[in-house]
Amino acid sequence: MLYPVSPKVAELKAQLERFMDRHIYPNEERFYREAEELGPWKVYPVVEELKPLAKAEGLWNLFLPDSDRGAGLTNLEYATLCEVMGRSHLAPEVFNCSAPDTGNMEVLERYGSEADKKRWLEPLLNGEIRSCFAMTEPAVASSDATNIESSIVRDGDHYVINGRKWYTTNATDPRCKICIFMGKSDPDNPNRHKQQSMILVPMDTPGVEVKRSLPVFGFYGVPDRASEVVFTNVRVPKENLLLGEGRGFEIAQGRLGPGRIHHCMRLIGLAERTLEKMCRRARNRVAFGKPVSEQTVTQERIAEARIMIEQARLLTLNAAHAMDTVGNKVAKAEIAMIKVAVPNMACQIVDWAIQAHGGGGTSNDFGLTQAYATARLLRLADGPDEVHRNQIARMELKKYMN
């Protein structure tokens, strides 16, 4: 193997797979049913029932690198495990490895004060609360984060926050207790990347209003509890500011690098699961006198899917290795490439699987619509394809300036 798996990771992977077989796959139908019936404003009982089982087996907080609070795995080591979890929408939160909590926990670990870690990081690591991340805004093109208009204004010993955010994942969850908010603290700074700051906002602070849940392709709560949140004259202590004024982009890059690669790791697992469903369906359905699996168009799609998954996995492992060895900033090209390649790969494979399932593929019975919603969403979340392609192109052109 190009990236061999250590004995420690191999054992964790085997544990994860056993847990998935015993507890995750048999409960998926219940999970989707609870999400649909209870909606995005409730806690899903099946998740809370399974979390203690995962914690008891040591399958908990596997994501956090360079910290004694997690499993001590590198990004490359975690990639193999994250792929397994990505096979099911139910799994990541059960192992306390779901977005946006993972990214927020990394921010708190890197940039939070000791008081912040005690108040927010520890209960997040224990799975007792959840969190949200408020950056995207409906009034501006948020693919260019310098467009952000929300304000963070110093007023004595406090900051006053105003703004309207949306696609703020988790905000409707009743366990969501803390928000990491990005806004402009220095809007007149000539350096557009020094205008923004990030600040911790407890969700019970006066002036914080979760306006509504936003559907993702008609799904509320699965695959994403997307929400619109309004902040009106929200006052928080000055100590809640992370790292310092004007350092919001610095934090964002530290946060989004791992977040992007985690999404890609999970999507590879989702694509593997989808290909498995496609193959099983194609073998068991007969059309025009022979199994669908014997139709050459189906065989071609299965072959292409296998090639695309293997390519995406190698790209992702390469990005993880680069992050571990040269750091997130130097590995920005590798991260950008997987953020384009992997969601597009997953979208295509899910689309082929829907075709193989026929009309049933467009229902919610096979998990394919939920899978497509996830894959398609991730062509936009954490930066749209166009932004990453432009970045890759600029880095490539820079090699030929002379």
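The values are calculated or read from the model by the stated rules, or taken from the named source; none is laboratory data. These numbers come from a predicted model, not from an experiment. Neighbour counts run over all protein chains shown; Cβ positions are idealised from the backbone, glycine included.
Summary table below
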| read-out | value |
| --- | --- |
| Qualifying residue in the stretch 66-88 (condition: within 18 Å of ILE251 (Cα to Cα) and surrounded by fewer than 22 Cβ atoms within 10 Å (Cβ to Cβ)) | yes |
| PHE249 vs. criteria over 30 Å from ALA322 (Cβ atoms), touching a helix residue (DSSP H, G or I) at 6+ places or on another chain (Cβ under 7 Å) and surrounded by fewer than 22 Cβ atoms within 10 Å (Cβ to Cβ) | no |
| Residue within the stretch 233-242 that is surrounded by 19 or more Cβ atoms within 10 Å (Cβ to Cβ) and under 26 Å from GLY359 (Cβ atoms) present | no |
| THR172 vs. criteria of a type outside the set (D, E, K, R) and buried (at least 19 other Cβ atoms within 10 Å of the Cβ) | yes |
| Qualifying residue in the stretch 282-294 (condition: hydrophobic (A, V, I, L, M, F, W, C), at positive phi and loosely packed, with under 15 Cβ neighbours inside 10 Å) | yes |
| Helices (runs of 4 or more DSSP H) contained entirely in the stretch 1-109, each with at least 1 residues that are among the aromatic types (Phe, Trp, Tyr) | 7-19, 28-38, 75-85 |
| Boolean, GLY367 is touching a residue at least 24 places away in the same chain (Cβ under 8 Å), under 18 Å from the mean Cα position of the chain (by Cα) and buried (at least 18 other Cβ atoms within 10 Å of the Cβ) | no |
| Residues of the stretch 123-145 that turn out to be more than 23 Å from SER213 (Cβ to Cβ) and surrounded by 14 or more Cβ atoms within 10 Å (Cβ to Cβ), as a count | 3 |
| Entirely in the stretch 141-250, the strands (runs of 3 or more DSSP E) that have 2 or more residues that are in contact (Cβ under 8 Å) with a residue 40 or more places away in the chain and not small (Gly, Ala, Ser) | 151-155, 158-166, 176-184, 196-202, 227-237 |
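Each row is one residue, and each column tells you yes or no for (1) more than 23 Å from the chain's Cα centre (by Cα); (2) outside the structural domain of HIS262 (by TED's automatic domain parsing); (3) surrounded by fewer than 16 Cβ atoms within 10 Å (Cβ to Cβ); (4) not hydroxyl-bearing (Ser, Thr, Tyr).
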| position | (1), (2), (3), (4) |
| --- | --- |
| ALA312 | no, no, no, yes |
| ALA320 | no, no, no, yes |
| LYS329 | no, no, yes, yes |
| LYS339 | no, no, no, yes |
| GLN348 | no, no, no, yes |
| ALA356 | yes, no, no, yes |
| ALA373 | no, no, no, yes |
| ARG376 | no, no, no, yes |
| HIS388 | no, no, no, yes |
